[in-house]
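What follows is a set of notes on a single structure, which appears directly below.
All of the numbers you see were taken from the coordinates with simple rules; none came from a lab. In this text the structure is predicted, and so the values were computed from the model without any measurement. Note: ideal-geometry Cβ built from the backbone for every residue, glycine included; neighbour counts use all protein chains shown.
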Amino acid sequence: MLMELDFEKKLIEEANRAEKLAPELHSRYHGKIEIFPKCPIRGLEDFAVWYTPGVAAVCREIAEDEDKAFDYTNKSNTVAIATDGSRTLGLGNIGATASLPVMEGKALLFKYLGGVDAFPLVIQQQEPEKFVEIVRAVSAGFGGINLEDIATPKCFHILERLKQELSIPVWHDDQHGTATATLAALINALKVVGKRKEEVRIVVFGVGAANYATINLLIAAGFNSGNILAVDSRGILGRHRDDLKGSYKWRICEITNADGIEGGVDVALKGADVLIAASKPGPGVIRKEWISEMNDDAIVFALANPVPEIYPWDAKEAGARIVATGRSDFPNQVNNSLVFPALFRGVLDVRAKGITEEMAVEAALTLARFAEEKGLGEEHIIPDMMETEVFPMVAAAVGVKAIQLGIARREMSFEELREEAERKIMVSGRKLKVLMDSGLV
């Protein structure tokens, strides 16, 4: 017990240290990203090509065929990170401007892990239809849209409207990135404990954006919807929950909980095989006695940040065999950063017109296979972000799936896509290293 208290104290100290350092370092660099030329500039003659008068010839060709923008401009490698700041991290609705450091951080990960040029698009408009209108109006300059930190339930409406109206990929990472990483980790956790996806009973605790998408993706991947019990702050979802009619949760009520079980999370966990919690920071949100009521070889994903709903050692002591969290300092980090840089790398390279659940499932399967090839164990069910060779693999798998689905503008083989992704990601890292080695960064 003393060791656990010391470790908890260390976690708090590390979190406080990062928060103390962040303002100083952000101020020193005035943010984390910048725009930098990627073409040679040797004299005035180069400006004549890159700008006037030479650029007019390029503009005329794009005017005749807008798809040529993918060939002649950086649209083919550019993503807008669009937010209204209405649900930023665990800080709530802090507004668009205050969310900018988070969006810059996201752009940093896009570039370093995926070689993707992503730009914060912080929009001071919290009315969903007006937000959609703004994103649609500026979308011509981007090859994809990543929605970020938008409150539930309007995030669902915004995503669906933009997917319907734009012919470029639109993705809500808080939903689908987390869901994809969760699926990958669960696939391998079940292999470790020797259970079948069609048979396991899964409790999903918290029905916000991430777990809403997780439920849908689990079903798309072949899990039995009737064996899923979703639990919100008022109890288990099902057709008995008249209070949820007309809300986004009602669809979950209709497709899950085939046995019509009623009660709270403690009831749901009795005899469950898997717990996927994405609710509120702990510890103590999930109790040890609830875990002890789960089946043998239980799998517990406690994904709240910065502190999981239950600490891994408490879940293990209560009987869980495999535990995953959202933290990098615990084994089995389920992190959407494993997904979105590679996924967008793939869809941009084939110039896809959208992103589907099939593509997200393919990304999850690729992550799972990669971890399995490295060797599965109770503390290794998913790759970590330092296993960078996984990103080109996921990019290529997603790109091939887009081609198979008929929504790609460009056809390439898996190996061609993997090599292209590897090159673009490597170049990003090498450029940063050169700047760091020269003292410019």
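Determine which residues of region 274-291 fall in the zone a paramagnetic label at GLU199 would reach in this model, i.e. backbone nitrogen under 16 Å from the point 7 Å along Cα→Cβ.
Correct set: 274.
Can you tell me the relative contact order of region 27-168? Whole percent, Cα pairs under 8 Å, sequence separation 6 or more.
Computed value for region 27-168: 26 percent relative contact order.
Hey, could you grab the Kirkwood Rh for region 27-168? Inverse mean 1/r over distinct alpha carbon pairs, Å, one decimal.
16.8 Å
Could you work out, for region 147-282, what percent of all Cα-Cα pairs fall into each 10 Å distance bin, beginning at 0 Å and stopping at the bin that holds the largest distance?
In whole percents, the pair-distance histogram is 12, 42, 34, 11, 1.
Pop a pseudo-label 7 angstrom from the Cα along the beta-carbon direction at both GLN124 and LEU108 and give the gap in nm to one decimal.
Distance between label points: 2.6 nm.
Which links in LYS280/LYS401; LYS106/LYS401; LYS68/LYS163; LYS245/LYS288; LYS163/LYS270; LYS20/LYS433 stretch past 30 Å when you go from one Cα to the other?
Long pairs (Cα-Cα over 30 Å): LYS280/LYS401; LYS245/LYS288; LYS163/LYS270.
Grab the alpha carbons of region 97-223, take their convex hull, and tell me the volume per residue in Å³.
Hull volume normalised by residue count: 128 Å³.
So what J values fall out for region 195-207 if you push phi through Karplus, 6.51 cos²θ - 1.76 cosθ + 1.60 with θ = phi - 60°, rounded to Hz, Gly and Pro as x?
10, 9, 5, 6, 10, 5, 9, 10, 9, 10, 9, x, 10
Using 7 Å Cα-to-Cβ label points, what is the LEU44/ASP329 separation (nm, one decimal)?
5.9 nm
Between SER27 and GLU160, with labels modelled 7 Å along Cα→Cβ, what's the label distance in nm to one decimal, could you check?
Result for the modelled spin labels: 4.6 nm.
Please report how far the C-alpha centroid of region 48-103 lies from that of region 137-184, rounded to the nearest whole angstrom.
Each part's Cα centre sits 15 Å from the other's.
For the pair GLU379 and ALA258, what calculated FRET efficiency results from E = 1/(1 + (r/R0)^6), where r is the Cβ-Cβ distance and R0 = 35 Å, to the nearest 0.05?
0.60
Go ahead and run the numbers for FRET between GLU289 and LYS68, Cβ-Cβ distance against an R0 of 60 Å, rounding to 0.05.
After rounding, the FRET efficiency stands at 0.45.
Out of residues 5 or more away from LEU121 or on other chains, whose amide H comes under 5 Å of its own, with H placed 1.01 Å from N in the peptide plane?
Amide H neighbours of LEU121, under 5 Å, 5+ apart: ILE81, ALA82, THR83.
By how many nm would the segment from ARG430 to TRP313 grow when fully extended, if each residue of separation counts as 0.36 nm and the alpha-carbon distance is taken off?
Between ARG430 and TRP313, full extension yields 38.2 nm more.
If I compute Rg and Dmax of the Cα atoms in Å from the structure I just sent, which labelled value in [x] 22.1, 70; [y] 22.6, 74; [z] 21.6, 82 lines up?
Read-out taken from this structure: [y].
What does the convex hull of the Cα atoms of region 338-441 come to per residue, in Å³, rounded to a whole number?
Dividing the Cα hull volume of region 338-441 by its residues yields 111 Å³.
Extension gain ARG60-SER233, at 0.36 nm per residue separation less the Cα-Cα distance, in nm?
So the extension gain works out to 56.6 nm.
Expressed as a whole number of Å, what is the distance separating the alpha-carbon centroids of region 309-327 and region 194-223?
18 Å
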